[in-house]
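The values are calculated or read from the model by the stated rules, or taken from the named source; none is laboratory data. None of these values were measured; they are calculated from a predicted model. Every residue, glycine among them, receives a Cβ derived from its backbone with ideal geometry; neighbour counts consider all protein chains shown.
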Amino acid sequence: MRRAAGMSCQMSEMPVKVLKVLLVDDDEDDFMITKDTLSNSEVLEFDIEWVNTYDAALPVMLENRHDVCLIDYRLGMRNGLDLMKETISRGSTIPKILVTGQGDQLVDYESMRAGAADYLVKGCYDKALLERSIRYAVEHHCDAGVAATRTGTSQIAKNGSRGPPGWGRRARVEQPDDRSPGKR
């Protein structure tokens, strides 16, 4: 993970930022649609990297250099859920959003249990929903890191990693009040 210990990422306080998105999808048309969908954002800019196979995605995801990963469920003979599980078990810490062409409640449930930040059905979301899903995934990922840092339970505290470019300079660090309730 790339967040600094004790850092709070509050996107509302920041000017337009570039988020690095990894798109894992075996269909080039879906890549182009996603790229076009995110290209007109008024709040964020997206730098999208596309890989089209499970095997190509695995080492890229393990580098943890993206802010979020969009993973298609169908990846040839393998699937995005298995990719997500494998990368998490091998140390990938970036938030992952599973995207599928066919809505399936079981896959939705399994993706959440496996650690997906969200589950989206292609053709059922627009620019605003996709952008919000990405923002929430990144924000919640950062918030979880800050909370874990305070308790010393995460890799964030151990690795001293950084957030998306520019976030550290403007992020507000919120520290818990040291006073006990009886001394206020």
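I need every pair where a residue in the stretch 96-125 that is charged (D, E, K, R) has its Cβ under 7 Å from the Cβ of a residue that is buried (at least 21 other Cβ atoms within 10 Å of the Cβ) and part of a loop (DSSP other than H, G, I, E, B), sequence separation at least 6 or different chains. Filtered contacts from the stretch 96-125: K96/A116; K96/A117. Considering only residues in the stretch 60-92 that are in a strand (DSSP E or B) and of a type in the set (A, V, I, L, M), the one that is nearest to K20 (Cα to Cα) turns out to be V68. Considering (1) under 21 Å from K122 (Cβ atoms); (2) modelled with pLDDT under 95, the lone condition that L22 does not fulfil carries the number (2).
Does Y119 meet the test of being assigned to a helix (DSSP H, G or I), modelled with pLDDT of 90 or more and not hydrophobic (A, V, I, L, M, F, W, C)? Walk me through it before giving the result.
Working: assigned to a helix (DSSP H, G or I): no; modelled with pLDDT of 90 or more: yes; not hydrophobic (A, V, I, L, M, F, W, C): yes.
So Y119 fails the test.
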